[in-house]
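Before any comments, here is the structure.
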Amino acid sequence: MRRLLLLLALLAVSAAAQQAPQGLQSIPEPPPPPPGFQPDPALEPQVTITRRGEDRVEEFRMNGKLYMLKVTPPHGVPYYLIDEKGDGRMSRQEPLDFGLRVPMWVIHSF
């Protein structure tokens with residue numbers, strides 16, 4: 001019975017995927033840059049990828065100054081070391097950490 005329901009669900013999904021939406025328009029091409037525009041390579045970050053042990057480390061520099069490190073361990077979630085104040089001291093940032101700290105108080109203990 002479960003196989004039959006799974007088969008019917010797959011058929012419904014494939015039929016819905018094959019139907020093209022009506023009335024779609026293509027996205028227009030972006031306009032060309034203004035005449036005489038030259039991108040400044042100094043504004044682009046320089047990324048250097050190295051290995052430290054088994055970790056993959058990406059160094060991000062702007063104007064030769066290191067401002068962020070992305071460390072990717074082989075078996076784990078990548079984390080960032082960011083120089084927030086520009087003084088060379090790195091602080092660890094998790095990818096989804098927005099600085100929100102939920103207050104947790106002990107109301108009663110037994």
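Tabulated values for the structure
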read-out	value
Cα-centred dipole magnitude for region 57-96, charges only on beta-carbon of K, R (+1) and D, E (-1), debye, nearest 20	80
Size-normalised alpha-carbon gyration radius of the chain, reference 2.2 N^0.38 Å	1.92
Sequence-distant residues sharing a close amide H with Met90 (under 5 Å, placed H)	none
3J(HN,Hα) from dihedral phi, region 35-47, Karplus parametrisation 6.51/-1.76/1.60, rounded to Hz, x for glycine, proline	x, x, 6, 10, x, 8, x, 5, 7, 7, x, 9, 10
Calculated from backbone phi, Karplus (6.51, -1.76, 1.60) coupling profile of region 53-58 in Hz, x at Gly/Pro	x, 9, 7, 9, 10, 10
Sites Val106 and Tyr79 - FRET efficiency at Förster radius 25 Å, r taken between beta-carbons, to 0.05	0.25
In order through region 62-75: 3J(HN,Hα) via Karplus (6.51 cos²θ - 1.76 cosθ + 1.60), integer Hz, x for Gly, Pro	10, 6, x, 9, 6, 10, 7, 10, 10, 10, 10, x, x, 10
Residue with peak Gaussian network fluctuation, the chain [Cα springs, cutoff 10 Å], from Val57, Val77, Val47	Val77
Qualifying chymotrypsin sites (Phe, Trp or Tyr not before Pro) in region 36-81, DSSP loop, other Cβ atoms within 10 Å at most 16	Phe37
Farthest toward positive dipole pole in the chain [+1 Lys/Arg, -1 Asp/Glu at C-beta], among Leu7, Thr50, Pro32	Leu7
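Coordinate-derived values only; no laboratory data. None of the values given here were measured: they were computed from a predicted structure. FYI the Cβ positions are ideal-geometry reconstructions off the backbone, even for glycines, and counts take in every protein chain you see.
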